[in-house]
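The block underneath contains the structure these notes are about, expressed in structure tokens.
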Amino acid sequence: MSRPSLPPAAPGEVLLVCTCYEDGRAQWGGLPGKDQVLADGGVRLRPVENPGWDYVHGGAIPALVPDGGSVPPVAVLVDIPVVFGGDGPLLVDLAAVPGRGVRVPPARLGEILNGLLGGALTFDDLVRGMDRCGMYMGDAGRPAFPMPAPPPGRSFPALPSTDMSLLVRTSFDDEDGWHALLDELGGIDEDGCVGTDEHDGEHAPLTALVVDDRAFEGLHPGEVPALVPSDEHTTLVALADARTFAEPGRPLTAVDLYDTPGQPAVVPCREVGSLADNLEIGNMDFFEFVAMEGVQPWWERP
């Protein structure tokens with residue numbers, strides 16, 4: 001489905017994009033529905049709405065920026081977690097690693113935007129400072145595996161369009177380990193998917209379309225959301241990276257596509273199916289699978 005482009009942003013202006021609608025009406029979740037000049041730097045927050053943006057995820061926002069003119073470093077999304085969950089607005093990177101996101105406390109939105117536009121803050125600062133819930137300077141604990149910073153200036157093709165999960169190989173140094181991983185996940189069927197009908201009662205099997213293409217070698221979690229086509233609601237992207245072939249349990253790096261785009265959760269491959277299933281039915285949130293520093297993950301507890 002084609003989405004309308006965003007309007008161009010003027011210098012010193014940041015777009016506040018509504019992506020949550022009821023009966024075609026924008027839902028702002030307590031954030032301003034009219035232009036507002038933010039203190040301590042004069043950044044103008046400009047609300048924009050279009051029902052064509054309903055439920056668009058943060059990773060799709062860079063593709064909606066019109067060609068030509070200056071590209072602002074960030075957009076602010078008012079999405080479902082803001083309107084119905086009381087979460088902070090989602091800042092989407094449009095410059096350094098387009099498509100990754102970080103949530104910020106509403107009371108600090110002006111301070112943070114002024115810092116980004118004035119050069120006192122970078123988006124990498126926000127990513128390094130977020131908690132396991134994806135909130136910048138939040139108090140929910142530090143993730144045990146923080147999002148790595150990808151090398152600058154790289155480009156990747158779009159990932160396949162699917163409404164299921166994707167298993168993407170990003171490390172190509174261990175062919176035997178890759179095939180062992182596929183076997184552990186039930187093998188690849190004629191449609192190019194891993195999965196099995198067998199359920200051991202404890203671990204749900206992962207059903208995912210496999211992407212085995214060197215074009216994605218070295219792909220980092222933060223780069224994933226912008227590569228996921230928005231015409232389907234892809235459940236999850238799991239990366240088989242260098243850690244997968246070097247550590248016990250063949251851990252995969254699952255990537256959040258919606259609540260905090262680009263946030264990683266490193267989990268044993270046997271648990272990724274449960275993560276995908278719980279996300280698909282809305283039974284658990286992504287952050288519940290993000291391991292915390294100094295805290296034993298729930299899947300390792302007796």
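The values are calculated or read from the model by the stated rules, or taken from the named source; none is laboratory data. Please read all numbers here as calculations on a predicted model, not as lab measurements. In this analysis, Cβ positions are derived from the backbone assuming ideal geometry, glycine residues included, and neighbour counts consider all displayed protein chains. Note: areas computed on protein heavy atoms with side chains; ligands, DNA, RNA excluded. Shrake-Rupley method; radii C 1.70, N 1.55, O 1.52, S 1.80 Å.
The table that follows gives values for the structure above.
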quantity: Counting DSSP beta bridges with both ends in the chain, the antiparallel % (nearest 5); calculated: 60
quantity: MRE, 222 nm, helices only [DSSP H, n ≥ 4, -39500 (n - 2.57), over the chain, to nearest 500]; calculated: -4000 deg cm²/dmol
quantity: Whole-Hz ³J(HN,Hα) from phi, Karplus 6.51 cos²θ - 1.76 cosθ + 1.60, for region 5-20, glycine and proline x; calculated: 6, 6, x, x, 9, 6, x, x, 10, 10, 7, 9, 9, 7, 10, 10
quantity: Region 271-302 and region 71-128: distance between their alpha carbon centers, rounded to Å; calculated: 25
quantity: Three-way shape call for region 36-155 based on the alpha-carbon gyration tensor, with the a/c threshold at 1.5; calculated: rounded
quantity: Ordering of 93-100, 253-260, 153-160 by packing [mean C-beta count within 10 Å, highest first]; calculated: 253-260, 93-100, 153-160
quantity: With every protein chain in place, the chain: carbon and sulfur % of accessible area (1.4 Å); calculated: 49
quantity: Long-range amide H partners of V168 with built H, under 5 Å; calculated: V211, A238, L239, A240
quantity: Amide H partners (placed H, <5 Å) of V74, local residues excluded; calculated: L94
quantity: Scattering curve values for region 44-115, log₁₀ I(q)/I(0), Debye with Cα scatterers, q = 0.15, 0.19, 0.20, 0.24 Å⁻¹; calculated: -0.50, -0.82, -0.91, -1.31
quantity: Spatial separation of Cα centroids for region 245-260 and region 207-242, in angstrom; calculated: 11
quantity: Top of D174, D23, D183 by mean-square fluctuation, Gaussian network on the chain, Cα under 10 Å; calculated: D23
quantity: Nearest-20 debye value, region 165-302 charge dipole, Cβ charges on Lys, Arg, Asp, Glu; calculated: 400
quantity: Integer Hz, Karplus 6.51/-1.76/1.60 couplings in order for region 231-238, x for Gly and Pro; calculated: 7, 10, 9, 5, 5, 6, 10, 10
quantity: Solvent accessible area, Å² - R132, 1.4 Å probe, full protein context; calculated: 40
quantity: Simple Cβ-charge dipole of region 177-253, Lys/Arg +1 and Asp/Glu -1, about Cα centre, in debye nearest 20; calculated: 400
quantity: Most fluctuating residue given options G59, G222, G12, as computed from a GNM of the chain linking Cα atoms under 10 Å; calculated: G12
quantity: 5 angstrom amide H check on A144, placed H, neighbours 5+ away; calculated: A291, M292, E293
quantity: Surface accessible to a 1.4 Å probe, H57 within the full protein complex, Å²; calculated: 20
quantity: Ratio Rg/Rh, restricted to the chain and using Cα atoms, in which Rh is the Kirkwood radius; calculated: 0.97
quantity: Solvent-accessible heavy-atom area per residue, rounded to whole Å², over the chain at 1.4 Å; calculated: 45
quantity: Gyration tensor verdict on region 144-302 (Cα atoms; rounded if a/c is under 1.5, prolate if a/b is larger than b/c, oblate otherwise); calculated: rounded
quantity: Residue among A158, G118, V104 farthest towards the positive dipole end of region 41-184, charges placed on Cβ; calculated: G118
quantity: Extension reserve of the A215-A246 stretch, reckoned as 0.36 nm per residue once the Cα distance is removed; calculated: 9.0 nm
quantity: Under the Karplus curve 6.51 cos²θ - 1.76 cosθ + 1.60, θ = phi - 60°, whole-Hz ³J(HN,Hα) for region 124-138, x wherever Gly or Pro sits; calculated: 4, 4, 5, 5, 5, x, 8, 8, 5, 8, x, 9, 5, 6, x
